[in-house]
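Asker: Let me give you the structure first, and then I'll get to my questions.
The values are calculated or read from the model by the stated rules, or taken from the named source; none is laboratory data. What you see is a predicted model; the values in this text were computed from it and never measured. Neighbour counts run over all protein chains shown; Cβ positions are idealised from the backbone, glycine included. All accessible areas refer to the heavy atoms of the entire protein, side chains included, with ligands and DNA or RNA removed. Shrake-Rupley method; radii C 1.70, N 1.55, O 1.52, S 1.80 Å.
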There are 2 protein chains.
Amino acid sequence: MQRYFIEKDNWYDDKIQIVADDYHHIVHVMRMEEGDTLIANRHDGQSAISRIKRIHETVVEAIVEKWLHEESESPINITIVQGLPKGDKWELILQKGTELGAAHFIPFQADRSVVKWDHKKLKKKLPRWQKIVKEASEQAHRTKIPQVDSVITMTELINESVSYDFKFFAYEEATREYKSFKLHNYFSKIQEGQSVIICIGPEGGFSDKEANDLKNEGFQAIRLGPRILRTETAPLFVLANLSYYFEEMR
Amino acid sequence: MQRYFIEKDNWYDDKIQIVADDYHHIVHVMRMEEGDTLIANRHDGQSAISRIKRIHETVVEAIVEKWLHEESESPINITIVQGLPKGDKWELILQKGTELGAAHFIPFQADRSVVKWDHKKLKKKLPRWQKIVKEASEQAHRTKIPQVDSVITMTELINESVSYDFKFFAYEEATREYKSFKLHNYFSKIQEGQSVIICIGPEGGFSDKEANDLKNEGFQAIRLGPRILRTETAPLFVLANLSYYFEEMR
């Protein structure tokens, strides 16, 4: 059944009004009619099978028939901070990272990021990124859409990080040096309901200064398995690992 | 240090001859000179720091200086069989799957594969696929290049599968139906040194007939986490999960 994320303001108890892109999708792409059903996702992560009551000129009216109790959200709250990569890799990370359960994505202007985005360019990009995570959430049967922020600096990253229970950064040197410090030593300390922020460098990795700044702010350097991963593979590995431990083992 | 996979026939005890693309890369891309060092990977997975002795017109001659004892290969032998996906997704799977430790990739002509490749087209594709996994192996610091096969049919898949210790297929129904049968119940039975074959459907998933055939041949239906993954995300999730359990937990 097709799934839609309906904004807070369009819920009136068990009645829903569906507008804009989702209206278009229901009426013109799916060609649904009055009496058809869909899954409506509410802002708080609840979802319900809902039946279309009326199709107006710009609004689909639907009514909740049955609340679902889906468990497709990770029991931990995961934020991916990614050094801006080249090309369309950031969009790949947003799409796949949403499938793999991330709650929040933040791009980071790293010392070695080849890409630099000015405010004008970013203003155009952000709605596109939000569309990617919304569509990926629908496809993956998630009940919450991840948050995507605009690009931040190291200072902003450090301010952002203070509220998290666990802070990590992927460090290529850690793959080589600390053979005995396996990832599970760190991940096994996380409890359900806690928040985790994980920083990944761009193609060239973190600069020495960035690595030192992160360490000084209490970020733990981690290795991501015994092989060297590309920047866009690293967040997917982390997310899949956390999913295995928190969703497929216990 | 730059890493090269040197074919069996070009090893003479501790002497190595490097030719063709790798010759070009050393001489014209890296602009190395006599006396410079590189890492040479031998067909059996051993690797060694080697020093360039002479650069001839079409051959670089190098000598092993120090054998390395790298542990970048998975302790289990993982084969990914993938229902042929659309576009360039197969190439994404080859690249990322190599980073994540797969030993063997086999594309499968599934009932719902939109793409059909004839022999002429395949003849062109296979060398390209092998180049992708070779380059990804170098980048990921692997010591063995994964094997890539040409496209197979269901009958060939079943013949291929008889030699494996564990046989799985990703089944969307398993994500929905068997909430209690988590992935770790299956993966925790695998021992180091054993072989695992994992089949992933194309975009539309496996047909009922394919799912039945696989079940009848002893393939276990597994879920890949609580969310619905795209066909190209599924093998990466499986590989990252096996890496976490076999490489980052024990």
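Asker: In this structure, does A:HIS28 turn out to be open to solvent by 50 Å² or more (accessible area, probe 1.4 Å), over 28 Å from A:ALA103 (Cβ atoms), of a type outside the set (D, E, K, R) and not assigned by TED's automatic domain parsing to the domain that holds A:GLN139?
Answerer: yes
Asker: Right, another one. Which of the residues that make up the range A:201-227 are within 14 Å of chain B (Cβ to nearest Cβ), within 13 Å of A:GLY83 (Cα to Cα) and under 22 Å from the mean Cα position of the chain (by Cα)?
Answerer: Listed by number, the residues that qualify are A:GLU203, A:GLY205.
Asker: Among the residues of the range B:207-223, how many are part of a loop (DSSP other than H, G, I, E, B), over 20 Å from B:ALA234 (Cα atoms) and charged (D, E, K, R)?
Answerer: Summing the residues that are part of a loop (DSSP other than H, G, I, E, B), over 20 Å from B:ALA234 (Cα atoms) and charged (D, E, K, R) in the range B:207-223 gives 1.
Asker: Shifting gears a bit: Hey, any hits in the range A:154-161 for a residue that's more than 22 Å from A:GLU210 (Cα to Cα) and assigned by TED's automatic domain parsing to the domain that holds A:ARG223?
Answerer: Within the range A:154-161, none of the residues are more than 22 Å from A:GLU210 (Cα to Cα) and assigned by TED's automatic domain parsing to the domain that holds A:ARG223.
Asker: Going residue by residue through the range B:74-81, is there one that turns out to be within 14 Å of chain A (Cβ to nearest Cβ), open to solvent by less than 10 Å² (accessible area, probe 1.4 Å), within 16 Å of A:ARG230 (Cβ to Cβ) and not charged (D, E, K, R)?
Answerer: No.
Asker: Here is a follow-up. Would you pick out the residues in the range A:4-48 that are among the aromatic types (Phe, Trp, Tyr), within 25 Å of the chain's Cα centre (by Cα) and within 13 Å of A:ALA62 (Cβ to Cβ)?
Answerer: A:TYR4, A:TRP11, A:TYR23
Asker: Here is a follow-up. Determine, yes or no, whether A:LEU68 is within 13 Å of chain B (Cβ to nearest Cβ) and open to solvent by less than 50 Å² (accessible area, probe 1.4 Å).
Answerer: On the way: within 13 Å of chain B (Cβ to nearest Cβ): yes; open to solvent by less than 50 Å² (accessible area, probe 1.4 Å): yes.
Considered against the rule, which asks whether it is within 13 Å of chain B (Cβ to nearest Cβ) and open to solvent by less than 50 Å² (accessible area, probe 1.4 Å), A:LEU68 comes out as yes.
Asker: Test each condition in (1) modelled with pLDDT of 95 or more; (2) in contact with a helix residue (DSSP H, G or I) (Cβ under 9 Å, 6 or more places away or on another chain); (3) in a loop (DSSP other than H, G, I, E, B) for B:ARG250 and report the one that comes out false.
Answerer: Unmet condition: (1).
Asker: What single numbered condition from (1) open to solvent by less than 10 Å² (accessible area, probe 1.4 Å); (2) in contact with a helix residue (DSSP H, G or I) (Cβ under 7 Å, 6 or more places away or on another chain); (3) within 7 Å of another protein chain (Cβ to nearest Cβ) fails to hold for B:LEU236?
Answerer: For B:LEU236, the failing item is (1).
Asker: Within the group B:LYS182, B:LYS167, B:LYS189, which residue is at the interface with chain A (Cβ under 9 Å from one of its Cβ atoms) and more than 24 Å from A:ILE93 (Cβ to Cβ)?
Answerer: B:LYS182
Asker: Checking the conditions here, which among A:ALA102, A:ALA136 is within 11 Å of A:PRO235 (Cβ to Cβ) and either assigned by TED's automatic domain parsing to the domain that holds A:THR231 or modelled with pLDDT of 95 or more (or both)?
Answerer: A:ALA102
Asker: For the range B:240-250: of the residues being within 20 Å of the chain's Cα centre (by Cα) and at the interface with chain A (Cβ under 8 Å from one of its Cβ atoms), which is surrounded by the most Cβ atoms within 10 Å (Cβ to Cβ)?
Answerer: Selected residue: B:ALA240.
Asker: Taking strands (runs of 3 or more DSSP E) that fall entirely within the range B:87-203, which contain at least 3 residues that are touching a residue at least 12 places away in the same chain (Cβ under 8 Å) and open to solvent by 10 Å² or more (accessible area, probe 1.4 Å)?
Answerer: Counting at least 3 such residues, we get B:166-170.
Asker: Which members of the range B:47-63 meet the condition of being open to solvent by less than 70 Å² (accessible area, probe 1.4 Å) and more than 14 Å from B:VAL27 (Cβ to Cβ)?
Answerer: The answer is B:SER47, B:ALA48, B:ILE49, B:SER50, B:ILE63.
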